[in-house]
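Chemist: First the structure, which I've put down as structure tokens, then a few questions once you've had a look.
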Amino acid sequence: MAKNDNLHKAKDAKNDEFYTIIEDVAEELRHYKKHFAGKVVLCNCDDPTWSAFWRYFHLNFSELGLKKLIATHYDRTEPTYKMEYEGGDDNDVEVGVKTPLEGNGDFRSRECLDLLDECDIVVKNPPFSLFREFVGTLMERKKKFLIIGNMNAITYKEIFPLIRDNQMWVGANGKGGTRKGNSMCFAVPNDYSGKTVDVDGIPMAQVSAWWYTNMDFAKRHEKYIFWKEFNPIDYPKYDNYNAVDCGRSNEFPINYDGVVGVPISFLNGFYNPDQFEIVAFRKGNDGKDLVFTREREREFNRTFVSLYDIDSLDDKKRRRQNQWKTYLRENNNQTEIEAVDYFYPLSIKSRAAGTMNGLINGKETYRRILICKKAVSEYEN
């Protein structure tokens, strides 16, 4: 009963109901076509009457060479059904054998677990609140899968070890469909409490979400292009871990072989398991979050004063940036040094006083994945 209660809560929580559109399904699935020939695909906790997953696999049943397609419908209070399709008329998505289920379609029920055992691959957008348990069930039964979850799911204690140990990974998450950066657009209930836009009468919401899988794809092995030289200003060392911080996913230092802390978004499109390995998530040797102290910038902030109250904020920023570059040259005995990209936005505490305080005074805490490069000989062949 407790399991059903949890599933009911997930379905009742309107901010947990996100319905994938077929453009996003098609965009992601194109990376995995080689995996489906002769396979049984299960879309559990689904609804074949409107599901983008059922529709995609039905329309492409012969193209993918599928053996069988199964979808189970979930209903909170009533016994429900499953749909099975084994070919015949791919273009008519209503074609299939409809069979009643004894229960309500909970993916953890005995009859649904039997269907899971029958299948080879699970493709689904599970309720985000049940992501941990859903993945746990798939891993326990050693199933291949392609599923959608919140991008922060990689930080879950149940999920990160699987990512670290290369048992599952972030999917292709291409730029097609509705994807914008690390988010996707989903259809949501009419009473969804978040921000929505109307698309042909359907409320849509942009949500931070990634595809996750344990099926390999070519894009995952594209070589990371290194271009930026290491320097201690742009890559400060953590106080509580023997590693340096890299603030941008596309700026992993070319000439640094130690451990580097990168944004979690590095795993989406930058992480090549042939070139890198994951060391840890976020914590330092002292069990606390990674921190570092920018002594030079603290010193600079103590001595820097913006002199003109009448200047615009942009002028103040520009002056600070120029003086920061000059400060770096003078204190590094270098004729040229790369600008610090104006690391941190400035806030003006008092225009009357004309002072500007950077947001970097003291210690900074970041959510980081700690990774390191593999030896060149490990991946160049």
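The values are calculated or read from the model by the stated rules, or taken from the named source; none is laboratory data. As the structure is a prediction and not an experimental result, all values here were calculated from the model. All Cβ positions, even for glycine, are placed from backbone atoms using ideal geometry, and neighbour counts span all protein chains on display.
Chemist: Among (1) touching a residue at least 24 places away in the same chain (Cβ under 8 Å); (2) surrounded by fewer than 17 Cβ atoms within 10 Å (Cβ to Cβ), there is one condition LYS157 misses while meeting the rest; what is its number?
Modeler: (1)
Chemist: Turning to a different aspect of this structure: Taking region 112-131 only, how many residues are modelled with pLDDT of 95 or more, assigned to a helix (DSSP H, G or I) and surrounded by fewer than 18 Cβ atoms within 10 Å (Cβ to Cβ)?
Modeler: 4
Chemist: Is it true that ILE163 is touching a residue at least 40 places away in the same chain (Cβ under 8 Å), touching a helix residue (DSSP H, G or I) at 6+ places or on another chain (Cβ under 7 Å), buried (at least 21 other Cβ atoms within 10 Å of the Cβ) and at negative phi?
Modeler: yes
Chemist: Which of (1) under 17 Å from GLU27 (Cα atoms); (2) in contact with a Phe, Trp or Tyr (Cβ under 8 Å, 6 or more places away or on another chain) does PRO203 not meet, given it meets every other one?
Modeler: Answer for PRO203: the failing condition is (1).
Chemist: With respect to LEU101, determine if the residue is among the hydrophobic types (A, V, I, L, M, F, W, C), in contact with a Phe, Trp or Tyr (Cβ under 7 Å, 6 or more places away or on another chain), modelled with pLDDT of 95 or more and in the same structural domain as TRP210 (by TED's automatic domain parsing).
Modeler: For LEU101, the condition - among the hydrophobic types (A, V, I, L, M, F, W, C), in contact with a Phe, Trp or Tyr (Cβ under 7 Å, 6 or more places away or on another chain), modelled with pLDDT of 95 or more and in the same structural domain as TRP210 (by TED's automatic domain parsing) - is not met.
Conditions tested, residue by residue: (1) among the charged types (D, E, K, R); (2) within 19 Å of THR20 (Cα to Cα); (3) free of Cβ contacts under 8 Å to residues at least 12 places away in the same chain.
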position	(1), (2), (3)
CYS45	no, yes, no
SER51	no, yes, no
TRP54	no, yes, no
LYS68	yes, no, no
ALA71	no, yes, no
GLU84	yes, no, no
ASP89	yes, no, yes
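Chemist: Give the residues of region 56-65 that are part of a helix (DSSP H, G or I) and either touching a residue at least 40 places away in the same chain (Cβ under 8 Å) or not aliphatic (A, V, I, L, M) (or both), sorted by residue number.
Modeler: TYR56, PHE57, HIS58, PHE61, SER62, GLU63
Chemist: Turning to a different aspect of this structure: What single numbered condition from (1) at pLDDT below 95; (2) of a type outside the set (Gly, Ala, Ser); (3) part of a strand (DSSP E or B) fails to hold for GLU84?
Modeler: Of (1) at pLDDT below 95; (2) of a type outside the set (Gly, Ala, Ser); (3) part of a strand (DSSP E or B), only one is false for GLU84: (1).
Chemist: How do the strands (runs of 3 or more DSSP E) wholly within region 171-242 filter down when requiring 1 or more residues that are without any contact (Cβ under 8 Å) to a residue 12 or more places away in the chain and surrounded by fewer than 16 Cβ atoms within 10 Å (Cβ to Cβ): which remain?
Modeler: 197-199
Chemist: Inside region 249-271, can you point out the residues that are outside any loop (DSSP other than H, G, I, E, B) and either touching a His at 6+ places or on another chain (Cβ under 7 Å) or touching a residue at least 40 places away in the same chain (Cβ under 8 Å) (or both)?
Modeler: VAL259, VAL260, GLY261, VAL262, ILE264, SER265, PHE266, LEU267 - these are the residues of region 249-271 that are outside any loop (DSSP other than H, G, I, E, B) and either touching a His at 6+ places or on another chain (Cβ under 7 Å) or touching a residue at least 40 places away in the same chain (Cβ under 8 Å) (or both).
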